[in-house]
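What follows is a set of notes on a single structure, which appears directly below.
No value in this document is a laboratory result; all are computed from the given coordinates. A quick note: this is a predicted structure, and the numbers were derived from the prediction, not measured. Methodologically, a virtual Cβ is constructed for each residue, glycine included, from the backbone with ideal geometry; neighbour enumeration extends over all protein chains shown.
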Amino acid sequence: MTETRPEGAEADPEGAASRSGDDVARNSAIMAIGTFGSRVLGFIRTAMLSGVVVLAAYNSFTIANSLPTQLYVLINGGLISALLIPQLTKAMMRKDGGQDFSDRLITLCLLVLGGFTLLCLVATPWIIDWLTKADSGADFVNLTTFMAYICVPQLFFYGLYSVLGQVLNARGNFLAYAWAPAWANVIQIVGLAWFIWQWGKQGSVSGWTTEMVLVLGVSTTLGIAVQGLCLVWPLWRSGFRYRPRFGWRGYGFAEMSKMTGWTVAALVISQAYGFISTAVMSPSDSMGKGVPGNGVMAWAYTIYILPHSIITTSVVSALFPAMSRAHQEGDLAGMRRRVVSGMTSPAVLLIPATAAFIALGRPLAKTLFPGSAYIPSKGIDEAGDVALVLALMAFGLLPFGITAIKQRYCFARGDGWLNFWLVGVMTAVNLTACAVAAWMVPAKYVVATIAAGATIANIVSAAAFLVVARRQLDGLGFARVSRLWVRVTVAAVVAGVGGWAVASLVSDPGSAYVVQALSLAAGGAVMAVLYVAGAKVMRITEVDEMLAPVRRRLPF
């Protein structure tokens, strides 16, 4: 690639880079604030759910409700994310602003989403039967299948949210997309409140009435529907007018087929692992009580994904349109600058988040999920199980963020093959961990083994991507990046040790909920102070740079 600029324009690379950096920082901050608000509501919803649907009933709901999410990833990663932003960016350079092409592309996406949702509804009983295993009991399978029928339509509305959101992002509107999940959480919280008032806590998979299943399932699906539909109005206000257009021959769609094929292939093997791991983590009745399952993994993942969603996704989503433009313009330096930004900016918060998850995992799990059971006489310690799984996953938090950069980098370049083989490497490691979990470790550590495998997979995939990107971009300045990572890690480890010591003094595994919450608050406060102090001592200026756009928008 060669670096270019409009004819007659003055060369001002530093000024352009500065303006681009300001735009990315501003857009990242907007998305981070919106995502944070949505995640707070999400934790309230999850805490309510953990207090009302527990043990076997929670595992049943988790499998049913995660099914549309897993299926949606196939469509989102294979069609929507891989195509919309790069193609819309290219189309917007046309004389008509890409309106005709955009209409046809969106129509194609919506048709695929609708057809795939219908196929999944038809296949629901067979999918659930395979996921839940034959020895899970008839009540468990029946409840999970009924709930899945209600939840699968979420697939279409997840897709609608992604399609409309990508159009908004391509047009520079990030706020509505970031805040839309908040509406879903509000509706789901109302549904849970009604469920609690009517029926209270449910731990068994037997005794569920049709009304109970409908209240829980419909409120969950309705929330996702509103999440997608609420983007129609901001898109209209932005000036975009969509009109369904059919017919795709001769409009440039053929050139996208190769990219789509490789991307779909990558997502198929990745989601195959997702279904296999769900099946492996489905404890049967013969395994006995106290064996962690999909519910524990869901709780741990809810915590684990928070910094990734708020920090990494916000930065990467803001970088993606710029990466696509850099590739379209042949701007090698611009692409390199954005990849490096994606590796450095999130790291100053992801690494201390890793330390926090390891040091404060138990009080964090107990505080956020008050319904988690602790019955030592029966070997049940759900908060402890969540803390172990979370700690193992935490080591892969930064590498997981790099894999997000990897995906957007491949999409921006239209390099489906690179994305495919890197996903293949990751999936191979994950499947190896699944095999070890299924056949070589005690049932109690199945979920922990799969979590450890996911971390190793993220590290291997991230390392492979950095090697390739360094060659393609004529270097990444990795010496500077690695020095930053080392300094941040030292500050985070010191902060983590201090936070763990304080939290351990305040509470123990059997402490009451209030004491656990105080333990988390005290340990978290000590960690924050020690980390900020350590960052200043070691002159990690990136911490202030990363937090400044967020602080400017906070009301306090």
Residue by residue through the range 138-144, the couplings from Karplus 6.51 cos²θ - 1.76 cosθ + 1.60 with θ = phi - 60°, in Hz, x for Gly and Pro, are 5, 4, 5, 5, 5, 5, 5
Built amide H within the under 5 Å cut-off of Gln202, gap 5+
Val53, Val54
Label point 7 Å beyond Cα of Ala533 along Cβ direction - residues of the range 344-360 with amide nitrogen under 19 Å:
352-353, 355-356, 359-360
So, with points 7 Å from each Cα along the Cβ direction, the Val460-Asp129 label distance in nm works out to 3.4
So how far apart, in nm, are the two label points at Asn142 and Trp199 if each is 7 Å from Cα heading toward Cβ?
1.4
How much length is gained on full extension from Ala512 to Trp233, taking 0.36 nm per residue of separation minus their Cα-Cα distance?
95.8 nm
What does the C-alpha gyration tensor say about the overall shape of the range 410-556? Classify as rounded when a/c is under 1.5, otherwise prolate if a/b is larger than b/c, or oblate.
oblate
How much length is gained if the chain between Arg243 and Leu505 is pulled fully straight, taking 0.36 nm per residue apart and subtracting their Cα-Cα distance, in nm to one decimal?
88.1 nm
State which entries of Lys366/Lys444; Lys201/Lys378; Lys366/Lys406 exceed 30 angstrom in Cα-Cα distance in the structure shown.
Lys366/Lys406
Points 7 angstrom from Cα along the Cβ direction at Ser482 and Arg171: gap in nanometres?
4.5
Between Gly414 and residues 5 or more places away or on another chain, the pairs with built amide H atoms under 5 Å apart involve none
FRET efficiency, Leu119 to Arg470 (Cβ-Cβ, R0 35 Å, nearest 0.05)
0.25
Amide H neighbours of Asp381 under 5 Å, at least 5 residues apart or on other chains, H built in the peptide plane: list them.
Ile375
Using mean Cβ contacts within 10 Å as the protection proxy, how do 494-506, 390-402 order, highest first?
390-402, 494-506
